[in-house]
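Asker: Below you'll find the structure I mean.
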Amino acid sequence: MTQSYTNYILHLADNALILGQRNAEWCGHGPVLEQDIAITNISLDLIGQARSLYQYAAELKGNGATEDSLAFLRTEREFKNCLLAEQPNGDWAQTILRQFFVSTFQFYLYQSLLTHSDSTLAAIAEKSLKEVRYHLRWGSEWVIRLGDGTEESARRMNKAVSELWCYTGEFFVPADYETAAGSDPAGLKDAFYSKVREVFTQASLAVPENVFMHTGGKNGMHTEHLGFILSDLQYMQRAYPGCEW
Amino acid sequence: MPVVDPDQLFQDKIDNEIKIEPKDQMPDAYRKTNIRQISQHAHSEIVGMLPEGNWISRAPSLKRKAILLAKVQDEGGHGLYLYSAAETLGMSREEMINDLHSGKAKYSSIFNYPTLSWADIGAIGWLVDGAAIMNQVMLTRTSYGPYARAMVRICKEESFHQRQGFDALLVLSRGTKEQRDMCQDAINRWWWPALMMFGPRDTESTNSDQSMKWKIKRKSNDELRQNFIDMIAEQIKTLGMHLPDPDLKWNEERKHYDFGEINWDEFWQVVKGNGPCNKQRLDARRKAWEEGEWVREAAIEYAKKRLTS
């Protein structure tokens, strides 16, 4: 397998890890106990997905790479997650909307990967899809609940839309490694926005028009947030190199 | 007809090991004691998420991160069962949470200590969960039915928590010098607070006698503390570490370990609110609750709309 294909797997893994790391910040601080547990559960699922993907990437890479060396010893410029995944939690509305967007994208992406010629990747996609289906349902329900809840929740949802919409376009601009891996994210664009429109309509939320879309994360050009995420994430492995934990 | 004393009837049930259920007659003080104890237990689970949650973002491997997340999530789940058990006695979860935030209700003082290194996560699992299990195993046989049943579920998960803590420390104890030092330092800091978790000495414990009579608790503070010390004093040999108590010594006559004097002044200071993290823990809980208010209101409002549409 080529370096490019490994990069594709790392891209998928980074998306899951960075969003999982963000969601985990809620653990113990959620708005109500049931939802504290739910967001932590989603975080756990995402970290589980990341682990399967990193383990596979480590196998492809060889040279003693492990899931941990890939997660903890790469730099900001080597991470390939989409910019959306690294955006701050903000309030509950912003966290919900970020999750809803990512889950919607992952839902169509993993579905398309079920028939991928690489059976290992197809198997990871199949397992992840079961979890993502639940994340998508949970995220959709909360987008609707907040969009159609109180005046304040609607105002916060609209603000979240204006903060995060500009990061949805990146999903559909293929990086070279995606094209080489036979993945066609641009082909998922219609399904994604049609699902988003359906949920936004139920939530009484307006779909923004003509928004400039930020890109770069897939090729290692991140927002300033990622460096801080990694300094937390990687602290122990950087401070105590080469140890077992 | 002979006059039947309801308190005597109640005590007969207790003596015959018949569980008390939510709709049963019970003395007011029994109800109050259970509400106090179960809600305090629920609060401890929730506040207890904070010190360990402090290390989720920095866990040293993906495996450890996943284990820690799962463990802290379990504690949230335990909080839920316990709030539900307490609600069967007629107090709402919201009232209980308000009492926590106002300082009226207490939670376990152990969570007022800071987690300063990764090894603290292992030490909490091994020592703090280990101490909690001694108490919780006893509570699976407590006289109030919903509490006893909640404890059965909780105990199953807690034993996994303790094992993962010990396992994390075992890896450190076999690691580099820095890791071994980190491990010993965590044990030094958590040992005495863990012993304080069993509460004051039996001679000074105000609620104990009645609770024993009602079989809310079945072993005394000192008895549980001794069992815990005997267990840990053996387990620490596997780690090759030591407990920070020069007086710890096997007593062949008593068939128990003797141990040194607990710093009761520190114990009472932390109970009174002067522990290293009392303020931070309560502030974090209040902040989460206040910042979540609009979310809870939106959920209620949305549910109302669905009912009327």
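The values are calculated or read from the model by the stated rules, or taken from the named source; none is laboratory data. What you see is a predicted model, and the numbers here were worked out from it, not measured in a lab. Glycine gets a Cβ as well: all are built from the backbone with ideal geometry, and neighbour counts include every protein chain shown. Just so you know, the surface numbers come from the protein's heavy atoms only, side chains and all, with ligands and any DNA or RNA stripped out. Shrake-Rupley method; radii C 1.70, N 1.55, O 1.52, S 1.80 Å.
Asker: Among the residues of the stretch A:10-28, is any farther than 24 Å from A:His222 by Cβ, within 11 Å of chain B (Cβ to nearest Cβ), in contact with a Cys (Cβ under 8 Å, 6 or more places away or on another chain) and open to solvent by less than 10 Å² (accessible area, probe 1.4 Å)?
Answerer: There is no residue in the stretch A:10-28 that is farther than 24 Å from A:His222 by Cβ, within 11 Å of chain B (Cβ to nearest Cβ), in contact with a Cys (Cβ under 8 Å, 6 or more places away or on another chain) and open to solvent by less than 10 Å² (accessible area, probe 1.4 Å).
Asker: Inspect the stretch B:85-93 for any residue being out of contact with any Lys or Arg (no Cβ under 6 Å at 6 or more places or on another chain), open to solvent by less than 20 Å² (accessible area, probe 1.4 Å), in a helix (DSSP H, G or I) and modelled with pLDDT of 95 or more and give the result as yes or no.
Answerer: Checked against the condition, which is being out of contact with any Lys or Arg (no Cβ under 6 Å at 6 or more places or on another chain), open to solvent by less than 20 Å² (accessible area, probe 1.4 Å), in a helix (DSSP H, G or I) and modelled with pLDDT of 95 or more, the stretch B:85-93 yields at least one hit.
Asker: Scanning the stretch B:57-78 for residues that are within 7 Å of chain A (Cβ to nearest Cβ) and not in a helix (DSSP H, G or I), which turns out surrounded by the most Cβ atoms within 10 Å (Cβ to Cβ)? Explain how you work it out, then say what you get.
Answerer: Taking the stretch B:57-78 and keeping what is within 7 Å of chain A (Cβ to nearest Cβ), we get B:57-58, B:60-62, B:64-66, B:69-70, B:72-73, B:76-77.
Next cut, not in a helix (DSSP H, G or I) only: B:57-58, B:60-61.
On the way: B:Ser57: 17, B:Arg58: 20, B:Pro60: 24, B:Ser61: 20.
Among those that are within 7 Å of chain A (Cβ to nearest Cβ) and not in a helix (DSSP H, G or I), it is B:Pro60.
Asker: Among the aromatic types (Phe, Trp, Tyr) and within 14 Å of chain B (Cβ to nearest Cβ): which single residue out of A:Trp165, A:Trp138 fits that description?
Answerer: On the way: A:Trp165 fails: within 14 Å of chain B (Cβ to nearest Cβ).
That would be A:Trp138, the only listed residue that is among the aromatic types (Phe, Trp, Tyr) and within 14 Å of chain B (Cβ to nearest Cβ).
Asker: Here's a follow-up. Go through the stretch B:15-32 residue by residue and tally those that are surrounded by 19 or more Cβ atoms within 10 Å (Cβ to Cβ) and either of a type outside the set (A, V, I, L, M, F, W, C) or in a helix (DSSP H, G or I) (or both).
Answerer: Of all residues in the stretch B:15-32, those surrounded by 19 or more Cβ atoms within 10 Å (Cβ to Cβ) come to B:20, B:26, B:30.
Add one more test, that the residue is either of a type outside the set (A, V, I, L, M, F, W, C) or in a helix (DSSP H, G or I) (or both), and what stays is B:30.
Going through the stretch B:15-32 one residue at a time, the tally reaches 1.
Asker: Only one of (1) touching a residue at least 40 places away in the same chain (Cβ under 8 Å); (2) more than 16 Å from the chain's Cα centre (by Cα); (3) within 10 Å of chain B (Cβ to nearest Cβ) fails for A:Ile96. Which number is that?
Answerer: Condition not satisfied by A:Ile96: (2).
Asker: Is there a residue in the stretch B:261-268 that is assigned to a helix (DSSP H, G or I) and within 13 Å of chain A (Cβ to nearest Cβ)? Steps first, please.
Answerer: Restricting attention to the stretch B:261-268, the residues satisfying the condition of being assigned to a helix (DSSP H, G or I) are B:264-268.
Then drop every residue that is not within 13 Å of chain A (Cβ to nearest Cβ), which leaves none.
No.
Asker: Cβ contacts < 7 Å: first residue within 18 Å of A:Tyr193 (Cβ to Cβ) and part of a helix (DSSP H, G or I), restricted to the stretch A:104-119; second residue modelled with pLDDT of 95 or more and open to solvent by 50 Å² or more (accessible area, probe 1.4 Å), any location; separation 6+ or different chain. Result?
Answerer: Sorted first by the residue in the stretch A:104-119, then by its partner, the pairs are A:Phe107/A:Arg133.
Asker: Any idea which residue in the stretch A:29-77 is nearest to B:Gln280 (Cα to Cα), counting only those that are of a type in the set (Ser, Thr, Tyr) and away from chain B (no Cβ under 12 Å)?
Answerer: Kept after step one, since they are of a type in the set (Ser, Thr, Tyr), are these residues of the stretch A:29-77: A:40, A:43, A:52, A:54, A:56, A:66, A:69, A:75.
Next cut, away from chain B (no Cβ under 12 Å) only: A:56, A:75.
Working: A:Tyr56: 41, A:Thr75: 33 Å.
So the residue we want is A:Thr75.
Asker: A further question on this structure: Do we find a residue being over 30 Å from A:Gln35 (Cβ atoms), out of contact with any Ser or Thr (no Cβ under 6 Å at 6 or more places or on another chain) and part of a helix (DSSP H, G or I) anywhere in the stretch B:294-302?
Answerer: From the stretch B:294-302, those over 30 Å from A:Gln35 (Cβ atoms) are none; that's our starting set.
Within the stretch B:294-302 (the criterion being over 30 Å from A:Gln35 (Cβ atoms), out of contact with any Ser or Thr (no Cβ under 6 Å at 6 or more places or on another chain) and part of a helix (DSSP H, G or I)), the answer is no, since none of the residues qualifies.
Asker: Still on this structure, I have one more. Given the criterion assigned to a helix (DSSP H, G or I) and at pLDDT below 95, identify the matching residue among B:Arg225, B:Arg306, B:Arg281, B:Arg218. Give the derivation first.
Answerer: Values: B:Arg225 fails: at pLDDT below 95; B:Arg281 fails: at pLDDT below 95; B:Arg218 fails: assigned to a helix (DSSP H, G or I).
Exactly one of B:Arg225, B:Arg306, B:Arg281, B:Arg218 is assigned to a helix (DSSP H, G or I) and at pLDDT below 95, namely B:Arg306.
Asker: If you take the residues of the stretch B:171-191 that are within 22 Å of B:Asp230 (Cα to Cα) and surrounded by fewer than 18 Cβ atoms within 10 Å (Cβ to Cβ), which of them is nearest to the chain's Cα centre (by Cα)?
Answerer: Taking the stretch B:171-191 first, the residues within 22 Å of B:Asp230 (Cα to Cα) are B:173, B:183-191.
Checking the rest, the ones that are also surrounded by fewer than 18 Cβ atoms within 10 Å (Cβ to Cβ) come to B:185, B:188.
On the way: B:Asp185: 23, B:Asn188: 20 Å.
Looking at the filtered set, the residue picked out is B:Asn188.
Asker: Residues that are among the charged types (D, E, K, R), modelled with pLDDT under 95, assigned to a helix (DSSP H, G or I) and open to solvent by 10 Å² or more (accessible area, probe 1.4 Å): does the stretch B:133-156 have at least one?
Answerer: The first filter runs over the stretch B:133-156 and keeps only residues among the charged types (D, E, K, R), leaving B:141, B:149, B:153, B:156.
Then drop every residue that is not modelled with pLDDT under 95, which leaves B:153, B:156.
Those still in the list that are assigned to a helix (DSSP H, G or I) too: B:153, B:156.
Right, trim to open to solvent by 10 Å² or more (accessible area, probe 1.4 Å) and you get B:153, B:156.
For the stretch B:133-156, residues among the charged types (D, E, K, R), modelled with pLDDT under 95, assigned to a helix (DSSP H, G or I) and open to solvent by 10 Å² or more (accessible area, probe 1.4 Å): present.
Asker: Does any residue in the stretch A:130-149 that is surrounded by fewer than 20 Cβ atoms within 10 Å (Cβ to Cβ) come within less than 8 Å, Cβ to Cβ, of a residue that is modelled with pLDDT under 95 and assigned to a helix (DSSP H, G or I) six or more places away or on a different chain, and which pairs are these?
Answerer: Matching pairs, first to second residue: A:Asp148/B:Lys305.
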